[in-house]
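Before any comments, here is the structure.
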Amino acid sequence: MNNSVTNTARLLWAGLRALLVLTVVTGVLYPLAVTGVAQALFPGRANGSEITSHGKAVGSSLIGQQGYSLRYFQPRPAAGLGTNSINTRYKLILSGATNLAADNPKLVKAVEDARAKVVKDNSVPGYTVRPAQVPADAVTSSGSGLDPAISPAYAELQVHRVAERNGLSVARVERLVKEHTQGRALGFVGEPQVNVLELNIALRDLTAGR
């Protein structure tokens, strides 16, 4: 009986020691080591890929934002569907695609409404947008519904409106878009893109005081 109790106590103590050691290693030392390496090698990504403006964090390069006035470049639509059109509110809790088939009447109407809005918003005196010019990313959301970037084609489509609303030349705004167009990763992965938040920060700085 005494041997049985002793063996049980020994096993419990061994288990407790293993628990304490693993807790320290995996719950304290490992996270500290990973955090330290991340902060040393790529602090920007480790801290959420923050975008700062005048010393303040204004967003992340990985998460899209909505609510820009028509003075600024517009992002892709969010994933959720409103009553008549694509929902334009980015909410992290709603991240995800619509999961509607391409021929779903609700999705078709949402895309048609979004295209009509893009044509209307971006047609200015001396420049009329044709429906055929509207790229797919202007009227559809990404898989996450929170895409922070748009295609160069969609950015270029908005140039005349942005120039007219801000009293800038079209050439100057086109140059701004080119300056913020990112090429393919490693030269061949993905497609060229334009981060909307970074572009709009540059536009705001350009027009400051106007």
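The values are calculated or read from the model by the stated rules, or taken from the named source; none is laboratory data. Because the structure is predicted, anything quoted here is derived from the model rather than measured. Ligands, DNA and RNA are stripped out before the accessible areas are found, and what is left, the full protein with its side chains, is counted by its heavy atoms. Shrake-Rupley method; radii C 1.70, N 1.55, O 1.52, S 1.80 Å.
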Share of the chain's accessible area from carbon and sulfur, percent, 1.4 Å?
59 percent
Among PRO148, PRO125, PRO31, which one moves the most in a GNM of the chain with springs linking Cα atoms closer than 10 Å?
PRO31
Note to self: with every protein chain in place and a 1.4 Å probe, the chain gives an accessible area per residue in Å² of 62 Å²
When segment 118-159 is reduced to its Cα atoms, the Kirkwood hydrodynamic radius in Å
11.1 Å
Per-bin percent of Cα-Cα distances, segment 94-169 [10 Å]
18, 44, 29, 9, 1
Using a Gaussian network model of the chain with C-alpha springs under 10 Å, which one of ALA185, ALA163, ALA116 is most mobile by mean-square fluctuation?
ALA185
Given springs between every Cα pair under 10 Å in a Gaussian network model of the chain, which of GLN182, GLN65, GLN74 has the largest fluctuation?
GLN182
Rg and Dmax of the chain, using alpha carbons, in Å: what are they?
25.5, 98
Please list, in chain and number order, the residues 5+ apart from SER60 or on another chain whose amide H is under 5 Å from its amide H, with Hs placed from the backbone.
ILE51
Residue by residue, what Karplus-based ³J(HN,Hα) values in Hz, rounded to whole numbers, does segment 171-184 have, using 6.51, -1.76 and 1.60 with θ = phi - 60° and x for Gly and Pro?
4, 5, 6, 4, 5, 4, 5, 4, 5, 10, 8, 9, x, 5
Given the alpha-carbon gyration tensor of segment 132-210, what are the semi-axes of its equivalent ellipsoid in whole angstrom, ordered largest first, with each equal to the square root of 5 times an eigenvalue?
23, 14, 12
Here segment 157-166 yields Karplus 3J(HN,Hα) values (6.51, -1.76, 1.60; θ = phi - 60°; whole Hz; Gly and Pro given as x) of 5, 8, 4, 5, 5, 4, 5, 5, 6, 10
Any chance you could look up the accessible area of HIS160 with a 1.4 Å probe, heavy atoms only, rounded to 10 Å²?
50 Å²
On a 0 to 90 degree scale, rounded to 10, what angle separates helix 196-207 from the longest Cα axis of the chain?
50 degrees
